[in-house]
Amino acid sequence: MAAPASAAPATETMDGWAVETPGPIGTGRPLVRVSRRVPVPAPGELLLRVEACGVCRTDLHLTEGDLTPHRPLSIPGHEIVGRVTAVGEAVTRFRIGERAGGAWLRGTCGTCRYCRAGQENLCPGSLYTGWDADGGFAELAIVPEAFAYRLPEDQDAALLAPLLCAGIIGYRSLRRSALPRGGRLGIYGFGASAHLAAQVALAEGANVHVLTRSARARELAMELGASSAGGDRDRPPEPLDSAILFAPVGDLVPVALEALDRSGTLSIAGIHLSDIPVLNYERHLFQERNLRSVTSNTRQDGHDFLALAERIGIRVTISRYPLSQADRALGDLAAGRVTGAAVLVPG
């Protein structure tokens, strides 16, 4: 049965934080406070009152200009947990008052050869939250019902938020790394996404070796059950079947490739990566080593990961920030001062 159509009065306003002039964090306030009319959900859309929104490295790339903004004064944030306050016509899966999640992927054409083949993450017409439409660094956010996720009603919203991108992308990156059951996995960088993907790999019997410059992140890795934790340029204690590069540092690509065993696979998780140095075929790629990128995710990735996270009881490590301190959260992320994930909460 379809939920009744409802919308907040168009005269109301909401506050949010938007990207005004992209540039390096530290050269000024990267975000500007904006007041906007409360959006009215179109057919098939949900209006969410934001309970929490994760701060993703992609938000940092957009703020600093590594990714070109698709629209002026866009509100970032694509790890949105909220309560449905209004729905557009033809909404059938959610009712007012229920909890829903909005993620990075917010739209695809549904008809191209990629969509038809189950590869909607490669759709040329794909749209993204916080890039093509306003995201969750705000009091309210619009999420298309077809791309919304049902979330547990009784859990802390701030602990759920990082699952919606950091978790989903980490899960896809893990699958792209072709890690065999019980295999040896290297993880380069250990932030929001990595600390969740590591737990999936550990639950599936992998030996996990974490390589990161952050001493606190190395401590967290060992607390979570990693076999070893060293510096980002260190050699892992055994050859790797698979590796995932979470740090957006192209210089680490040859380092990770050299650490792979024969036929090993390196998966690069980020949407942005600094330039990769020239690779030496014999040292880095010979013996059938594989190098793979990761592009967004499918909705099935999201559903599969969220079900798995609940089943294994994944532990989410966060630092909470009030929404009014979104600037500080981005600055701390840029400076490596966040262990786990940064999350914005109202108030």
Next on the checklist: Going residue by residue through the range 4-14, is there one that turns out to be at pLDDT 95 or above and open to solvent by 20 Å² or more (accessible area, probe 1.4 Å)?
Outcome noted: no
Next on the checklist: Being within 13 Å of the chain's Cα centre (by Cα) and over 30 Å from Val38 (Cβ atoms) is the requirement here; does Tyr171 meet it?
Outcome noted: yes
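Looking for something out of contact with any Pro (no Cβ under 9 Å at 6 or more places or on another chain) and of a type in the set (A, V, I, L, M, F, W, C) - is there at least one such residue anywhere in the range 105-112?
Taking the range 105-112 as the starting set, the residues that turn out to be out of contact with any Pro (no Cβ under 9 Å at 6 or more places or on another chain) are 105, 108, 110-111.
When the remaining residues are screened for being of a type in the set (A, V, I, L, M, F, W, C), the result is 105.
Yes, the range 105-112 contains a residue that is out of contact with any Pro (no Cβ under 9 Å at 6 or more places or on another chain) and of a type in the set (A, V, I, L, M, F, W, C).
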Next on the checklist: Just to verify a result, which residue in the range 116-131, among those that are open to solvent by less than 60 Å² (accessible area, probe 1.4 Å) and out of contact with any Gly (no Cβ under 6 Å at 6 or more places or on another chain), is farthest from His61 (Cα to Cα)?
Outcome noted: Gly118
Checklist entry - Got a number for residues in the range 305-316 being open to solvent by 30 Å² or more (accessible area, probe 1.4 Å) and part of a loop (DSSP other than H, G, I, E, B)? => result 2
Next on the checklist: Show the residue pairs meeting these rules: Cβ distance below 9 Å; 6+ apart or different chains; first residue within the range 91-104 and over 17 Å from Pro43 (Cβ atoms); second residue basic (Lys, Arg) and outside any strand (DSSP E or B).
Outcome noted: Ala103/Arg299
Checklist entry - If you scan the range 177-209, which residues turn out to be in contact with a helix residue (DSSP H, G or I) (Cβ under 7 Å, 6 or more places away or on another chain), open to solvent by less than 10 Å² (accessible area, probe 1.4 Å) and touching a residue at least 24 places away in the same chain (Cβ under 8 Å)? => result Leu185, Gly186, Ile187, Tyr188, Ala194, His195, Leu196, Ala197, Ala198, Val200, Ala201
Checklist outcome for this item: Only one of Leu333, Leu344, Leu323 is under 15 Å from the mean Cα position of the chain (by Cα), open to solvent by 20 Å² or more (accessible area, probe 1.4 Å) and in contact (Cβ under 8 Å) with a residue 60 or more places away in the chain, namely Leu333
Item to check | Complete set of residues in the range 69-115 that are over 18 Å from Ala148 (Cβ atoms), part of a loop (DSSP other than H, G, I, E, B) and open to solvent by 70 Å² or more (accessible area, probe 1.4 Å) | outcome: His70, Arg71, Pro72, Thr111
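Can you tell me which residue among Glu79, Glu89 is over 17 Å from the mean Cα position of the chain (by Cα) and acidic (Asp, Glu)? Spell out the reasoning first.
On the way: Glu79 fails: over 17 Å from the mean Cα position of the chain (by Cα).
Glu89 is the lone residue from the list that is over 17 Å from the mean Cα position of the chain (by Cα) and acidic (Asp, Glu).
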Checklist entry - Any idea which residue in the range 188-209 is nearest to the chain's Cα centre (by Cα), counting only those that are within 23 Å of Ala307 (Cα to Cα) and assigned to a strand (DSSP E or B)? => result Val208
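Checking the conditions here, which among Leu73, Leu60, Leu140, Leu122 is among the aliphatic types (A, V, I, L, M), at positive phi and either in contact with a Lys or Arg (Cβ under 7 Å, 6 or more places away or on another chain) or in contact (Cβ under 8 Å) with a residue 24 or more places away in the chain (or both)?
Leu73
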Item to check | Residue tally, condition open to solvent by 40 Å² or more (accessible area, probe 1.4 Å) and outside any strand (DSSP E or B), over the range 239-263 | outcome: 4
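Taking Ala217, is it in contact with a strand residue (DSSP E or B) (Cβ under 7 Å, 6 or more places away or on another chain), open to solvent by less than 40 Å² (accessible area, probe 1.4 Å) and of a type in the set (A, V, I, L, M)?
Values: in contact with a strand residue (DSSP E or B) (Cβ under 7 Å, 6 or more places away or on another chain): no; open to solvent by less than 40 Å² (accessible area, probe 1.4 Å): yes; of a type in the set (A, V, I, L, M): yes.
Considered against the rule, which asks whether it is in contact with a strand residue (DSSP E or B) (Cβ under 7 Å, 6 or more places away or on another chain), open to solvent by less than 40 Å² (accessible area, probe 1.4 Å) and of a type in the set (A, V, I, L, M), Ala217 comes out as no.
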Checklist entry - Taking the stated definitions as given, is Tyr149 assigned to a strand (DSSP E or B) and either over 29 Å from Tyr321 (Cα atoms) or in contact (Cβ under 8 Å) with a residue 60 or more places away in the chain (or both)? => result yes
Checklist entry - Does the range 278-304 hold any residues that are open to solvent by less than 50 Å² (accessible area, probe 1.4 Å), within 30 Å of Pro69 (Cα to Cα) and not small (Gly, Ala, Ser), and which are they? => result Val294, Asn297, Thr298, Asp301
Checklist entry - So which residues in the range 220-279 are in contact (Cβ under 8 Å) with a residue 12 or more places away in the chain and among the acidic types (Asp, Glu)? => result Asp232, Asp234, Glu238, Asp241, Asp251, Glu258, Asp261, Asp275
Checklist outcome for this item: Log entry, pairs with first residue in the range 290-302 being in contact (Cβ under 8 Å) with a residue 40 or more places away in the chain and within 13 Å of Gly167 (Cα to Cα), second being part of a strand (DSSP E or B) and open to solvent by 20 Å² or more (accessible area, probe 1.4 Å), beta carbons closer than 8 Å, six or more apart or on different chains, reads Ser296/Tyr128
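The values are calculated or read from the model by the stated rules, or taken from the named source; none is laboratory data. Source: prediction; values computed, not measured. Don't worry about glycine lacking a Cβ; one is built from the backbone with ideal geometry, like all the others, and counts go over all protein chains shown. These area figures cover heavy atoms from the full protein model, side chains too; ligands, DNA and RNA do not enter into them. Shrake-Rupley method; radii C 1.70, N 1.55, O 1.52, S 1.80 Å.
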